[in-house]
1. What do you reckon, is A291 over 22 Å from A232 (Cβ atoms) and of a type in the set (A, V, I, L, M, F, W, C)?
2. Scan segment 496-504 and give yes if some residue there is more than 26 Å from the chain's Cα centre (by Cα), of a type outside the set (G, A, S), more than 23 Å from A440 (Cβ to Cβ) and at pLDDT below 95, otherwise no.
3. Taking the options A473, A448, name whichever one is touching a residue at least 12 places away in the same chain (Cβ under 8 Å), among the aliphatic types (A, V, I, L, M), out of contact with any helix residue (DSSP H, G or I) (no Cβ under 6 Å at 6 or more places or on another chain) and closer than 25 Å to L587 by Cβ.
4. Can you tell which of S237, S249, S213, S259 is touching a Leu at 6+ places or on another chain (Cβ under 9 Å), touching a residue at least 12 places away in the same chain (Cβ under 8 Å) and surrounded by fewer than 21 Cβ atoms within 10 Å (Cβ to Cβ)?
5. Looking at (1) within 23 Å of Y234 (Cα to Cα); (2) in contact (Cβ under 8 Å) with a residue 12 or more places away in the chain, which one does D183 not meet, given that it meets all the others?
6. Show the residue pairs that are 6+ apart or on different chains and have beta-carbon atoms under 8 Å apart, the first residue being within segment 586-605 and surrounded by fewer than 15 Cβ atoms within 10 Å (Cβ to Cβ), the second being of a type in the set (F, W, Y) and at pLDDT 95 or above.
Amino acid sequence: MQYRVLSCSSSVALFSVLVLAACGTQVASEKPSAARSSQAIASTGPDVLTPVPIPTPEGPAYARGVIRDLAVVYQNGDEHAENVELHLLPSKKMLLAFRAGGTGQAETGTARIRVFHFDPLAHAGTLASEVVPPPSDPVRGIRDPKLFEWKGALKLGAISRVSGFPIRDLLADTRTVIATSHDDGDSFDTPVPVELKATGDSWGLWRYVTWRSPFGAPVLYATGYDDGDQEAAYFGSLDGGKTFVKLGSILKAPGLVPSEAELNFLGRDRNVAVSLVRLDDQGLLEDGQTAICVKRGSWFGFFGDFECSRRLEQRLDGPSRVFEVDGRFFVVARKHLPCTRKRTALYELRGDLTDPRSPVQLFEVAELPSNGDTAYAAVAPVPGRPGQFAVAWYSTPLGADIPWLPAQFGPTWILAATLDFSHYDPSIAVPAGPDAHCPAGPLPSASAANVEGPFLVSVGPSFFPDLPAVFVAQASSSGGTLTLALQAVDQNALIGTGSVVPVGDPFLGSGSVDAAGHFSIDFGNPVIPFAAYPLGTAGDGGAGITFELRGFHLNGVTTSADGFCGNVSGDVLVQGPGLIPPNTRLLFEGSTFGADRSQVVTACP
């Protein structure tokens, strides 16, 4: 494939080129060439999709057959497969793609995109090709596949980041790469990083949609978000993704933590761009909000910023493309339950998405079988069957209902089902509920006791209860007041060698303790170093990062002279001078602590 490169330094320049294209001026030429095979790699996972049916859940959507033919289509031991894409080729054959090759969601050089020929009715398939990240130093991964057509060729857009587990993609050096196939996905050439104009930041392009002006000139639009999740923006390309120009912001608001912006062209002439934008300002792991952003286009395309005043009071992580059935709009996205449990759910959006003055409500049709780390689903119409769609998503193995964060380090499955809206009754959908909160656990029986002296205190956060943060503690009491002096312990040293190595500055908290042994201690807003909870990293990977325990509060009971335990409240704010943006919050809701005089890690019974 050959192009004459368009040199553009701003969206104004792209506007000029778009006008020329709309008026019939040739701006690029494309010559077909033999698609090169993907890089030689060791294949991972099964090469044949053999669906394993799963029991049909209860609920009206299943009873009416709106959701049916559920099956696990891909599983491979410890492999963490995720980020699902379905694509209907011009031949009416379907492709299923997803990120595979990793043993967790952390970025890894073993990751690759697996592309399967997929039967949307039988949910069976065979491997067509694999796409790995281009060679690089340092090693990079690849994820978030999106398939689209451009001038007779099939394109695969993906996001590539350096290896590791970055917080909000910081220091990940995100690059967007695109690979091309000329044989309907049986092979792809080596992914090539796209060139971004009018912006100098690292961007992950998330969604691609082709729009054609009334004059017939196609434009490829894409949404993306930057490292740090400070802005969601949109881009335009005239060369099929080799070069993109930033055309405007969808939502630039670091305090709202925008990311994963969906993109749809709606209205009678597809002249209104609508984007659903995930917002993480109410907590990184919890429920929150989704912005509904709108931009009206012109004959020549879309330029300038979106209008984003409307909100859904639910956070839709990685929503599928909004799809329409008989004038109704649906989306599949990650749903948030209490205590950072997750599900994949089918929703209906009610209201005029194109009118920024129109209220929009979210209605839940049903949860899809899922738990742990899940969602990032895809939906595609079944050819020749009006009102029927294939849907695919990923999930932690069913039945293992663990919090989302630890689930990211475990295996996942790819699942599929059929959506049949010929049986849809709008009354079965219920308004999506308010934000889910994690309740405090019941306390054990209190026992009045003198707990003065040294202890080891373990804080088990609800978002990762099996990996507690540990503190050395010195307890003292006087006149009905219990005082604790805490100092964080180096997590890597504790796990690696069993050594209790204090790190950071000690901090104090005091509170009343009653005659029965109930107490409440307020520590204010202490700051502890990254080493106290390094999220699976080692060494100085967290240099400059600290955690502020905002409103850190222990509410508990003494159980004996050798122990006390209870519930934790407050927030964890990830900090780093010039490194971590504000509003990266983890909530202590539902978290517990335990203290043991014999210096062992313990929990609250």
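The values are calculated or read from the model by the stated rules, or taken from the named source; none is laboratory data. The structure displayed is predicted, hence computed values, not measured ones. No Cβ is skipped: glycine too gets one built from the backbone with ideal geometry, and neighbour counts run over all protein chains shown. Side chains included, ligands, DNA and RNA excluded: accessible areas come from the protein's heavy atoms. Shrake-Rupley method; radii C 1.70, N 1.55, O 1.52, S 1.80 Å.
1. Numbers: over 22 Å from A232 (Cβ atoms): no; of a type in the set (A, V, I, L, M, F, W, C): yes.
Here the answer is no, as A291 does not meet what is asked.
2. Of the residues in segment 496-504, the ones more than 26 Å from the chain's Cα centre (by Cα) are 496-504.
If we keep only those that are of a type outside the set (G, A, S) as well, we get 497, 500-503.
Subset that is more than 23 Å from A440 (Cβ to Cβ): 497, 500-503.
Now narrow it down to the ones that are at pLDDT below 95: 497.
So far as segment 496-504 goes, yes, one or more of its residues are more than 26 Å from the chain's Cα centre (by Cα), of a type outside the set (G, A, S), more than 23 Å from A440 (Cβ to Cβ) and at pLDDT below 95.
3. Details: A448 fails: closer than 25 Å to L587 by Cβ.
Selected residue: A473, the only one of A473, A448 that is touching a residue at least 12 places away in the same chain (Cβ under 8 Å), among the aliphatic types (A, V, I, L, M), out of contact with any helix residue (DSSP H, G or I) (no Cβ under 6 Å at 6 or more places or on another chain) and closer than 25 Å to L587 by Cβ.
4. On the way: S237 fails: surrounded by fewer than 21 Cβ atoms within 10 Å (Cβ to Cβ); S249 fails: touching a Leu at 6+ places or on another chain (Cβ under 9 Å); S259 fails: surrounded by fewer than 21 Cβ atoms within 10 Å (Cβ to Cβ).
Of the residues listed, the single one that is touching a Leu at 6+ places or on another chain (Cβ under 9 Å), touching a residue at least 12 places away in the same chain (Cβ under 8 Å) and surrounded by fewer than 21 Cβ atoms within 10 Å (Cβ to Cβ) is S213.
5. (1)
6. That search, which allows pairs on different chains as well, returns Q599/F455.
A quick yes/no check of all residues on (1) touching a Pro at 6+ places or on another chain (Cβ under 7 Å); (2) over 30 Å from I545 (Cα atoms):
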{"residue": "I167", "(1), (2)": "no, no"}
{"residue": "R175", "(1), (2)": "yes, no"}
{"residue": "D184", "(1), (2)": "no, yes"}
{"residue": "F188", "(1), (2)": "no, yes"}
{"residue": "P191", "(1), (2)": "yes, yes"}
{"residue": "S202", "(1), (2)": "no, no"}
{"residue": "V209", "(1), (2)": "no, yes"}
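To keep it simple, each residue is scored yes or no on (1) more than 30 Å from T108 (Cβ to Cβ); (2) at pLDDT below 95; (3) out of contact with any Phe, Trp or Tyr (no Cβ under 9 Å at 6 or more places or on another chain).
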position: A416; (1), (2), (3): no, no, no
position: D425; (1), (2), (3): yes, no, yes
position: I428; (1), (2), (3): yes, no, yes
position: G441; (1), (2), (3): yes, yes, yes
position: A449; (1), (2), (3): yes, yes, no
position: L467; (1), (2), (3): no, yes, no
position: A475; (1), (2), (3): yes, no, no
